[in-house]
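The values are calculated or read from the model by the stated rules, or taken from the named source; none is laboratory data. Computed from a predicted structure; not experimentally measured. A quick note on method: Cβ atoms are made from the backbone with ideal geometry, for glycine too, and the neighbour counts reach across all protein chains shown.
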Amino acid sequence: MPASGYSLRATVVDSLITAKRPDVPVRVVVRNTAAVILPLAIGIASGHPGIGLGIGAGALDTMFSDQPGPYRQRMTRLLLASLAAGLASLIGFLIGDQLIPMLIATAAFGFCGGLLVVFGADMTRVGMTSMILLVVTAATPRPLGEALGAASLIFAGGLLLTVFSVAAWPLQRYRPERHALAAVYRGLSMLARQQAHDDADVPALTDAMTTLQHTLLGRHHARGRAMEAFGVLLELAERIRLELTAMAELRANPTIHAMFRGDAARVLAAVADALEAGDSPQQAEHALQTLQASENALLGNGGDADGLATHIHALSGQLAAAVRNANWAGSRGELRAAAAETPLPAALRSNSARATLRANLTPHSVAFRHAVRSAVTLTATLFVARELQLPHGYWLPMTAAIVLRPDFAATFNFGLLRVVGTVLGLVLTTLLLHITPHDAWAHLALMAVLCMAFRYLATAHYGVAVAALTGTVVILLSFEGVNSSDAVMDRVINTALGSGMALLAYVLWPTWERGRARAALSDMLDAYADYLHALARPERRDGRREARTAARTARSNAQASLDRMRAEPATPPALLELANALFANGNRLARTAMTLEALIDDHDSLPETAEMCAFVDHAATALHEIAAALRAQRAPERLPDLRSLQRTYAALLGMAEDRQAAELLTRISDRLVDNVNTLAHVTGRNPHRSTAMV
């Protein structure tokens with residue numbers, strides 16, 4: 001293996017054999033497949049297969065915009081995808097036989113579609129759909145009247161998929177919110193079963209919590225009365241996470257610790273089950289009674305269980321509130337009082353689309369570079385296909401549009417799996433059609449099976465999913481008169497060439513993650529410093545929550561950057577070592593900060609509060625300087641002497657009347673100094689050694 005830790009052979013093997021657990025609900029698979037198959041079935045039965053073919057193709061192309069989330073958000077996303085599909089199809093049909101206008105159109109769609117990555121995965125899918133349909137429909141140009149009709153059918157297919165996706169809205173109005181909450185509480189149950197944290201733990205909240213924040217507080221959140229209960233459960237989930245983290249950090253009385261966490265895990269799991277099913281949390285109430293009995297038995301005589309008592313009492317109250325509110329969450333148990341609008345935290349508040357695009361219109365932006373690569377690659381692949389007059393040449397730019405991603409690792413993996421999946425799919429489809437009765441309905445049934453397999457396995461193993469998709473497309477085209485056994489080798493060649501050109505475009509103008517990792521880690525440390533500054537102002541609870549949310553987002557971005565850098569060739573070992581050390585020690589600091597927040601929440605008044613706030617502010621200032629030094633590739637300068645400040649603070653705590661709280665603060669402040677000083681040491685040692693080859 002090379003010194004950088006990157007191995008091409010290992011990467012190829014890993015891409016081919018690694019599979020994730022499918023995460024697409026069966027109901028989504030069924031409704032998406034129905035939107036593709038039913039129009040075609042009706043068209044065949046009524047003698048108008050062309051109409052069914054157009055609607056089914058539109059549903060197939062917009063299928064992946066049917067993603068989890070509030071119904072309002074889902075409908076908006078699907079409508080945008082449908083409009084993009086219809087517009088791109090219309091342009092492709094109208095100018096497909098004119099090379100220069102098509103090259104201009106592919107450049108425009110490639111750039112705009114690539115730039116949509118700044119708005120997240122949902123809008124990225126919309127951009128990809130428009131690019132694919134532009135080049136596919138350009139292969140069959142039509143006059144204006146026919147073009148309008150065909151594009152309208154594709155748009156109608158997207159609308160049909162939208163109707164199927166939101167059909168349960170009146171009957172299960174709060175299902176997405178309940179499922180998002182259930183995922184968080186199930187994650188909390190798993191956390192409660194852990195007796196201690198390790199370096200891989202999420203420092204603030206889980207990814208499920210991020211999804212929940214956007215679901216409950218985002219721009220498309222629901223506005224029913226049950227939202228008040230959902231908001232309470234969200235706040236309780238954050239507080240429960242803080243208490244569990246604080247208990248683990250204390251490392252006190254392992255017997256009582258393990259017993260109480262086990263009881264808490266059962267309550268949380270039962271709450272998750274009730275939320276997911278939309279039922280009354282009767283099982284959670286029984287589990288809560290067991291937990292409260294344990295609490296009274298363990299602490300009823302005034303014991304503090306080595307400092308755990310405060311956290312146990314707080315956690316017990318929060319679990320009781322969670323059980324109570326779970327009984328109100330959902331359309332069957334809506335609160336009688338009208339819900340107030342849930343304000344969106346500043347950390348989640350979206351900026352204007354215009355400002356976001358303007359900020360990314362620079363060659364230094366990852367999105368801009370990806371947009372330029374997409375425009376050039378899509379245009380070049382279309383030009384090559386036309387100039388060489390490749391049979392079924394639209395597969396060439398279509399593959400490039402699908403494969404090209406903003407980072408090297410994803411582009412390489414998608415390209416490899418696309419080629420392998422296409423070959424496998426063509427061979428498999430040829431074999432299946434050979435043994436299947438030569439009947440339209442038999443072929444339609446086979447297409448339905450392949451379409452379901454594609455939708456279900458797309459997030460599990462892209463190569464296998466592409467094999468199923470290839471079969472679906474081949475059978476779909478057979479209803480238009482395209483012989484399924486023709487041009488198998490042409491499709492393979494076009495797919496391989498498209499994947500290769502996409503990867504070549506990335507190699508010629510790369511955006512290596514090693515050039516951005518420092519910035520992502522610096523942003524993470526700055527976010528942690530802001531979190532500490534918020535903790536130094538105990539009276540501003542909302543500020544703490546927003547800072548914690550921002551810290552979680554920054555941590556997730558840093559994790560993603562680190563993962564991408566590990567998957568790139570020629571990453572300097574020193575830089576990877578620095579990034580791993582900063583990320584691991586940043587996690588430790590975040591857990592210390594969470595423990596401090598839990599302590600602040602559990603006490604109306606802490607000893608030496610003013611001194612505590614001043615000390616935490618100094619730690620935050622030091623952390624900001626470390627982040628600045630990391631960003632500037634220098635050693636940290638002018639750091640406050642946190643160890644001396646901590647000794648002075650600890651001496652004051654030694655004279656406090658509340659001995660238990662004072663001891664906890666002493667331990668937390670000691671760990672905080674160690675965390676910050678370790679980050680300063682990691683950043684300052686050989687600061688220029690990790691810049692080689694960056």
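Key figures for this structure:
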{"quantity": "Residue among Ile37, Ile55 that alone is out of contact with any Leu (no Cβ under 6 Å at 6 or more places or on another chain) and among the aliphatic types (A, V, I, L, M)", "calculated": "Ile37"}
{"quantity": "Tabulated pairs, the stretch 219-244, first under 18 Å from Ala269 (Cα atoms) and modelled with pLDDT of 70 or more, second among the acidic types (Asp, Glu) and crowded, with 22+ Cβ neighbours inside 10 Å, C-beta under 8 angstrom, 6+ apart or interchain", "calculated": "Phe230/Glu177; Leu242/Glu597"}
{"quantity": "From the options Thr621, Thr592, residue that is surrounded by fewer than 22 Cβ atoms within 10 Å (Cβ to Cβ) and β-branched (Val, Ile, Thr)", "calculated": "Thr621"}
{"quantity": "Close pairs (6 angstrom Cβ cut-off, 6 or more residues apart or separate chains): in contact (Cβ under 8 Å) with a residue 24 or more places away in the chain in the stretch 139-164, part of a loop (DSSP other than H, G, I, E, B) and surrounded by 15 or more Cβ atoms within 10 Å (Cβ to Cβ) anywhere", "calculated": "Ala139/Tyr394; Pro141/Gly96; Gly158/Thr62; Leu161/Thr62"}
{"quantity": "Filter result for the condition that a residue is loosely packed, with under 15 Cβ neighbours inside 10 Å, within 34 Å of the chain's Cα centre (by Cα) and either modelled with pLDDT of 85 or more or not assigned by TED's automatic domain parsing to the domain that holds Asp602 (or both), over Ala651, Ala632", "calculated": "Ala632"}
{"quantity": "Test for Ala355: is it part of a helix (DSSP H, G or I), over 25 Å from Leu133 (Cβ atoms) and at pLDDT below 90", "calculated": "yes"}
{"quantity": "Count - residues of the stretch 94-108 that are in contact (Cβ under 8 Å) with a residue 60 or more places away in the chain and within 18 Å of Pro141 (Cα to Cα)", "calculated": "4"}
{"quantity": "Output for the stretch 507-538, where each listed residue is buried (at least 21 other Cβ atoms within 10 Å of the Cβ) and hydroxyl-bearing (Ser, Thr, Tyr)", "calculated": "Ser522, Tyr528, Tyr531"}
{"quantity": "Listing of helices (runs of 4 or more DSSP H) fully contained in the stretch 529-647 that carry 3 or more residues being out of contact with any Ser or Thr (no Cβ under 7 Å at 6 or more places or on another chain) and among the β-branched types (Val, Ile, Thr)", "calculated": "609-632"}
{"quantity": "Condition broken by Val492, with the remaining ones in (1) surrounded by 21 or more Cβ atoms within 10 Å (Cβ to Cβ); (2) in the same structural domain as Phe408 (by TED's automatic domain parsing); (3) more than 25 Å from Ala34 (Cα to Cα) satisfied", "calculated": "(1)"}
{"quantity": "Any chance Thr124 is of a type outside the set (Phe, Trp, Tyr), under 23 Å from Phe414 (Cα atoms), more than 22 Å from the chain's Cα centre (by Cα) and part of a helix (DSSP H, G or I)", "calculated": "no"}
{"quantity": "Residue list for the stretch 539-550, restricted to those being more than 15 Å from Leu242 (Cβ to Cβ) and either buried (at least 21 other Cβ atoms within 10 Å of the Cβ) or touching a Lys or Arg at 6+ places or on another chain (Cβ under 6 Å) (or both)", "calculated": "Ala550"}
{"quantity": "Test: residue in the stretch 569-587 that is under 32 Å from the mean Cα position of the chain (by Cα), at pLDDT below 85 and surrounded by fewer than 20 Cβ atoms within 10 Å (Cβ to Cβ)", "calculated": "yes"}
{"quantity": "Unique residue being in a helix (DSSP H, G or I), touching a residue at least 60 places away in the same chain (Cβ under 8 Å) and under 30 Å from His179 (Cβ atoms) when the list is Arg77, Arg31, Arg27", "calculated": "Arg31"}
{"quantity": "Residue match in the stretch 518-526 (condition: more than 25 Å from Leu242 (Cα to Cα) and either small (Gly, Ala, Ser) or not in a helix (DSSP H, G or I) (or both))", "calculated": "yes"}
{"quantity": "Cross-chain or 6+ apart pairs with Cβ under 7 Å, the stretch 316-337 first and under 22 Å from Leu291 (Cα atoms), then surrounded by fewer than 17 Cβ atoms within 10 Å (Cβ to Cβ) and modelled with pLDDT of 65 or more", "calculated": "Ser316/Gln292; Asn327/Ser280"}
{"quantity": "Residue list for the stretch 551-601, filter: farther than 18 Å from Leu244 by Cβ and of a type in the set (Gly, Ala, Ser)", "calculated": "Ala554, Ser556, Ala558, Ala560, Ser561, Ala567, Ala570, Ala574, Ala579, Ala581, Ala584, Gly586"}
{"quantity": "Pair list, Cβ under 7 Å, 6 or more apart: the stretch 536-548 residue free of Cβ contacts under 8 Å to residues at least 24 places away in the same chain, other residue surrounded by fewer than 18 Cβ atoms within 10 Å (Cβ to Cβ) and basic (Lys, Arg)", "calculated": "Gly543/Arg537"}
{"quantity": "Leu562 being under 14 Å from Leu575 (Cα atoms) and surrounded by fewer than 22 Cβ atoms within 10 Å (Cβ to Cβ)", "calculated": "yes"}
{"quantity": "One residue from Ala468, Ala442 being surrounded by fewer than 19 Cβ atoms within 10 Å (Cβ to Cβ), at pLDDT 90 or above and assigned to a helix (DSSP H, G or I)", "calculated": "Ala442"}
{"quantity": "Number of positions in the stretch 95-127 that are of a type outside the set (Gly, Ala, Ser) and either in contact with a Ser or Thr (Cβ under 9 Å, 6 or more places away or on another chain) or buried (at least 22 other Cβ atoms within 10 Å of the Cβ) (or both)", "calculated": "15"}
{"quantity": "Ala400 being assigned by TED's automatic domain parsing to the domain that holds Val36 and crowded, with 18+ Cβ neighbours inside 10 Å", "calculated": "yes"}
{"quantity": "Cβ-Cβ under 6 Å pairs, at least 6 apart or on other chains, the stretch 416-438 side closer than 16 Å to Val12 by Cα, far side aliphatic (A, V, I, L, M) and assigned to a helix (DSSP H, G or I)", "calculated": "Arg418/Val403; Arg418/Val466; Val419/Ala496; Gly421/Val466; Gly421/Ala467"}
